[in-house]
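Taken together, the values in this text are just the output of simple stated rules run on the coordinates, not laboratory data. What you are looking at is a predicted structure, and each value in this text was computed from that prediction instead of being measured. Every residue, glycine among them, receives a Cβ derived from its backbone with ideal geometry; neighbour counts consider all protein chains shown.
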Amino acid sequence: MTEYRDPEYARAYLAAQDAVPQRGVGERLLLDLLPVHTRRVLDLGCGDGRLLALVRSRFEQAEGVALDASEAMLEAARARFAGQVGVTAAHHDLNDPLPDLGTFDAVVSGFAIHHLPDERKRTLYREVRARLAPGGVFLNLEHVASVNEREHARFLALLGGKEDQSNRLAPAWTQVEWLREVGFMQADVAWKWLELVLLVGWVD
Ligand SMILES: C[S@@+](CC[C@H](N)C(=O)[O-])C[C@H]1O[C@@H](n2cnc3c(N)ncnc32)[C@H](O)[C@@H]1O
């Protein structure tokens, strides 16, 4: 993730974030899959707080905790939520165990967890499961692996051809299996466009 610690890199990502194809479709579905009782939300790798802000556009009173390891991103998130009650943006490296922040109705993440090694993704999913309240949901809008190099090349070409060397892409359905293994009652790929997916894990 070191590149996002570079303020220039973080700013360039934020300036181009709306150009990611089909992103809005996945984000709208994420909103529709939030529990109707959503009161407390955790955003992992929050960037400038885009997803948390989206959640609060539907659940205005929801308390939010946003975690990221890039100070540049946290600065942008704090600016976005300045003056709003109920949002905390804090430094946390997702390679480390999640801090004890209480329980949440929803844990969301946008294009962040694919920067972690697979073994850490799995243990993180277990930690997320442990922090979800009954009836809670994990909504991971994510970048996953293609079935082969040809399809990966197709995806890259549609995104402008730039390979991000820090990506640790894992297949979507493998990650669904991991979610089930760590105790999610159900898990699914709720939406997929090439390498962009919405992974969902539900808690009883
Ligand atoms: C592609 S951006 C996505 C930002 C935001 N979630 C969004 O949907 O636009 C990836 C984010 O993940 C964060 N990130 C990457 N690796 C991380 C790690 N190990 N710990 C915490 N944050 C990380 C980056 O700092 C960056 O803000």
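A66 is checked against (1) within 17 Å of I113 (Cα to Cα); (2) of a type in the set (A, V, I, L, M, F, W, C); (3) in contact (Cβ under 8 Å) with a residue 40 or more places away in the chain and fails just one. What number does that condition carry?
The one condition A66 does not meet is (3).
Take the residues in the range 27-49 that are crowded, with 22+ Cβ neighbours inside 10 Å and farther than 18 Å from R131 by Cα; name whichever of them is farthest from the ligand (Cβ to nearest atom).
Ranking the candidates gives L30 first.
Can you find a residue that is in contact (Cβ under 8 Å) with a residue 24 or more places away in the chain and not in a helix (DSSP H, G or I) anywhere in the range 116-129?
Yes: one or more hits.
Taking the stated definitions as given, is E60 part of a loop (DSSP other than H, G, I, E, B) and more than 12 Å from the ligand (Cβ to nearest atom)?
yes
Within the range 14-26, how many residues turn out to be surrounded by fewer than 20 Cβ atoms within 10 Å (Cβ to Cβ) and not in a loop (DSSP other than H, G, I, E, B)?
Counting residues in the range 14-26 that are surrounded by fewer than 20 Cβ atoms within 10 Å (Cβ to Cβ) and not in a loop (DSSP other than H, G, I, E, B) gives 9.
If a residue must be on the phi < 0 side of the Ramachandran plot and touching a strand residue (DSSP E or B) at 6+ places or on another chain (Cβ under 8 Å), how many such residues does the range 19-77 contain?
37
How many of the residues in the range 128-181 are more than 20 Å from L199 (Cβ to Cβ), more than 16 Å from the ligand (Cβ to nearest atom) and hydrophobic (A, V, I, L, M, F, W, C)?
3
Given the options E195, E142, name the one that is buried (at least 19 other Cβ atoms within 10 Å of the Cβ), in contact with a Ser or Thr (Cβ under 6 Å, 6 or more places away or on another chain) and not aliphatic (A, V, I, L, M).
Result: E195 is the single residue among E195, E142 that is buried (at least 19 other Cβ atoms within 10 Å of the Cβ), in contact with a Ser or Thr (Cβ under 6 Å, 6 or more places away or on another chain) and not aliphatic (A, V, I, L, M).
Of all residues in the range 69-96, count the ones that are more than 8 Å from the ligand (Cβ to nearest atom), free of Cβ contacts under 8 Å to residues at least 60 places away in the same chain and surrounded by 13 or more Cβ atoms within 10 Å (Cβ to Cβ).
Summing the residues that are more than 8 Å from the ligand (Cβ to nearest atom), free of Cβ contacts under 8 Å to residues at least 60 places away in the same chain and surrounded by 13 or more Cβ atoms within 10 Å (Cβ to Cβ) in the range 69-96 gives 11.
Would you mention how many residues in the range 101-113 are surrounded by fewer than 22 Cβ atoms within 10 Å (Cβ to Cβ) and either within 13 Å of the ligand (Cβ to nearest atom) or not hydroxyl-bearing (S, T, Y) (or both)?
So the count comes out to 3.
Looking at the range 143-159 only, could you name the residues that are touching a helix residue (DSSP H, G or I) at 6+ places or on another chain (Cβ under 8 Å) and assigned to a loop (DSSP other than H, G, I, E, B)?
Listed by number, the residues that qualify are V144, A145, S146.
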